[in-house]
Amino acid sequence: TIMGTFEGDFSGNLIGDISYFDDNYWGRGWAWDDEAEYYDASISPLSVNSNIIKVFITPGDNIGVAAIIRIEPKTDLIQISNFAVTSNSLLPSQLSVTRNWKERDNHITVTGSTPLQSKEENFSLSIWKPELFALNLFKEKLELHGITIKGKTLIDSISQGKILFQANHFLDSVIVNINKTSNNLSAENLLKTIGAELSGIPGAADAGITLMKQFISHIGIDTTKIIIADGSGVSRYNLISPQNITTLLRHIYNDKNLFNRFYSSLSIGGADGSLKNRFTNGAVRNNIHAKTGTHSDGLALSGYLNAAKG
């Protein structure tokens, strides 16, 4: 929720209320040195653009000159140090784009080289304090439309003032974003939202996990033999067997109302989402509906396949 303490001259403050979630930005067991990676985006009830910034780099007009950098979405919150140069067209691209995760800020450094006449390259990084990211984008959009906020941009956990704007998503669209595009942040935010709605504010991952275990215990899975550490699967503490997964998929299949919503949220092999470039030929094309799972040392896939005999 975005709060405002405005008077007629818009001299008040713009306040982001983040009290809906607890103050834990990360999932349990996430690697501390992955903080700047786009797939480890900070968890916040005030999120926008998957809490990531995209950095686009193109070569300059001549060899030796600085590379050209732009970011999306454009915002004054991000500072960029550009040390990248334009190199000979015969040389490979050697770009590095990093954020200073040790200092916990939004300062991005670009180094290396990009060949003359090469195509634009892009990199994605997570945002530190994403609620400030959301507020700044909102403030800058207001300014673009002639509305100036003269006060401060603040984050608070206690609502003060009148609610001017709220943004929400239908659950089905959130599930599609989780399963079809494999969006980790959506999964983490949904886990905490479940905790907030059913166990009380502030929403916490542990509360959401407790509710998840209650459900999967009800459908016949022994929760003493699994470990759920987060909502997305980023944590390497998560442990579950293929048998447990198929038990869950079978239960969903047998509940037609649940199945239709879940099935339509999954990637389709050779067609869309995280499976767009897999299962592109033969009888499996457009026939596998599944969810991917990826770590540096492991790949997983679970879902549904229509066999030749139906």
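The values are calculated or read from the model by the stated rules, or taken from the named source; none is laboratory data. Given the structure is predicted, the values throughout are model-derived calculations rather than measurements. No Cβ is skipped: glycine too gets one built from the backbone with ideal geometry, and neighbour counts run over all protein chains shown. All accessible areas refer to the heavy atoms of the entire protein, side chains included, with ligands and DNA or RNA removed. Shrake-Rupley method; radii C 1.70, N 1.55, O 1.52, S 1.80 Å.
Of note:
- Test: residue in the stretch 65-78 that is closer than 30 Å to Lys152 by Cα, open to solvent by less than 60 Å² (accessible area, probe 1.4 Å) and not β-branched (Val, Ile, Thr): yes
- No other residue among Ile155, Ile108 is in contact with a Gly (Cβ under 6 Å, 6 or more places away or on another chain), open to solvent by less than 70 Å² (accessible area, probe 1.4 Å), in a strand (DSSP E or B) and touching a residue at least 40 places away in the same chain (Cβ under 8 Å) apart from Ile155.
- Verdict on Leu248 being open to solvent by 40 Å² or more (accessible area, probe 1.4 Å) and either within 24 Å of the chain's Cα centre (by Cα) or at pLDDT 95 or above (or both): yes
- Scanning the stretch 271-300 for residues that are touching a helix residue (DSSP H, G or I) at 6+ places or on another chain (Cβ under 9 Å), of a type in the set (A, V, I, L, M, F, W, C) and either open to solvent by 90 Å² or more (accessible area, probe 1.4 Å) or modelled with pLDDT under 95 (or both) gives a single hit, Ala300.
- Residue within the stretch 139-149 that is out of contact with any Asp or Glu (no Cβ under 7 Å at 6 or more places or on another chain), closer than 30 Å to Leu301 by Cβ, among the aliphatic types (A, V, I, L, M) and surrounded by 12 or more Cβ atoms within 10 Å (Cβ to Cβ) present: no
- Here the condition is being within 30 Å of Ile18 (Cα to Cα), without any contact (Cβ under 8 Å) to a residue 24 or more places away in the chain and either in contact with a strand residue (DSSP E or B) (Cβ under 7 Å, 6 or more places away or on another chain) or among the aromatic types (Phe, Trp, Tyr) (or both); of Glu72, Glu103, it holds for Glu72 alone.
- Screening the candidates Ser44, Ser50 for the property of being of a type in the set (Gly, Ala, Ser), under 23 Å from Glu188 (Cβ atoms), buried (at least 19 other Cβ atoms within 10 Å of the Cβ) and in contact with a strand residue (DSSP E or B) (Cβ under 8 Å, 6 or more places away or on another chain) yields one hit, Ser44.
- All positions within the stretch 190-209 that are open to solvent by 30 Å² or more (accessible area, probe 1.4 Å) and closer than 24 Å to Phe259 by Cβ: Leu190, Thr193, Ile194, Glu197, Leu198
- Taken over the stretch 245-303, the residue count meeting the criterion of being of a type in the set (A, V, I, L, M) and more than 19 Å from Ile175 (Cβ to Cβ) is 3.
- Top-ranked residue in the stretch 115-138 [being polar (S, T, N, Q) and more than 26 Å from the chain's Cα centre (by Cα); ranked as surrounded by the most Cβ atoms within 10 Å (Cβ to Cβ)]: Ser118
- Qualifying residue in the stretch 235-256 (condition: closer than 24 Å to Ile288 by Cβ, in contact with a strand residue (DSSP E or B) (Cβ under 9 Å, 6 or more places away or on another chain) and aromatic (Phe, Trp, Tyr)): yes
- Residue match in the stretch 217-240 (condition: small (Gly, Ala, Ser), within 27 Å of the chain's Cα centre (by Cα), open to solvent by 40 Å² or more (accessible area, probe 1.4 Å) and under 29 Å from Asn286 (Cβ atoms)): no
- Checking each residue in the stretch 81-92 for being crowded, with 16+ Cβ neighbours inside 10 Å and either free of Cβ contacts under 8 Å to residues at least 24 places away in the same chain or under 31 Å from the mean Cα position of the chain (by Cα) (or both) picks out Ala84, Val85.
- Failed item, numbered, when Lys256 is tested on (1) basic (Lys, Arg); (2) closer than 17 Å to Ser182 by Cα; (3) surrounded by fewer than 14 Cβ atoms within 10 Å (Cβ to Cβ): (2)
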